[in-house]
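The values are calculated or read from the model by the stated rules, or taken from the named source; none is laboratory data. Keep in mind that this is a model prediction, so the values were computed, not measured. Ideal geometry is used to build each Cβ from the backbone, glycine not excepted, and the neighbour counts take in all protein chains shown. Calculation scope for accessible area: heavy atoms of the full protein, side chains included, ligands and nucleic acids excluded. Shrake-Rupley method; radii C 1.70, N 1.55, O 1.52, S 1.80 Å.
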Amino acid sequence: IFENDCPVSGILTFNNGARYDGTFNQGKPHGEGTYYANGHDATWDGHWEHGVMDGTGAYFFDNNDYFDGTMAQGKPHGAGIIYTKQGKVIVEGEWKEANKLDREPSTIICSQEKGSLYSSMEHILRVI
């Protein structure tokens, strides 16, 4: 759907096969939408601000574990929970700029199933 020659909702497919399905503002993802990094599996399903993940939603990792919470400028920020693909809680708490806030800074959170490190997600989020 277009308004003043700019898309306001629809599907944007990238040259690498990734796609975005949702709403737009000035040609950028804005509002509610889903990003599919590989073209078919959701990577981020949630709110966007001017082309960046920002607000509540779910971020899906390659191993199908997922973060359900709040993003700010493309990084986990605020309340959030990481679940296994089976729905078991791995990490629950507050995040600031992709880092899990703990009382003890040396705490490292790992997934027992995959051995994946979840104390910081910044490296994972660079792909978007």
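Per-structure values
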{"item": "Which of Asp21, Asp41, Asp65 is most accessible, then next, and so on - probe 1.4 Å", "result": "Asp41, Asp21, Asp65"}
{"item": "FRET efficiency, Gln73 to Arg19 (Cβ-Cβ, R0 25 Å, nearest 0.05)", "result": "0.70"}
{"item": "Mean-position separation - Cα centroids, the range 61-77 and the range 1-59, in angstrom", "result": "16 Å"}
{"item": "Sum of side-chain charges, His30 neighbourhood, beta-carbon under 12 Å (Lys, Arg +1; Asp, Glu -1)", "result": "-2"}
{"item": "Cα shape, the range 4-96, gyration tensor, a/c 1.5 rule", "result": "oblate"}
{"item": "Cβ crowding within 10 Å averaged over residues, with 51-64, 87-100 ranked highest first", "result": "51-64, 87-100"}
{"item": "Set of lysines with alpha-carbon distance to Lys75 below 19 Å, sequence-local pairs under 8 removed", "result": "Lys28, Lys96, Lys100"}
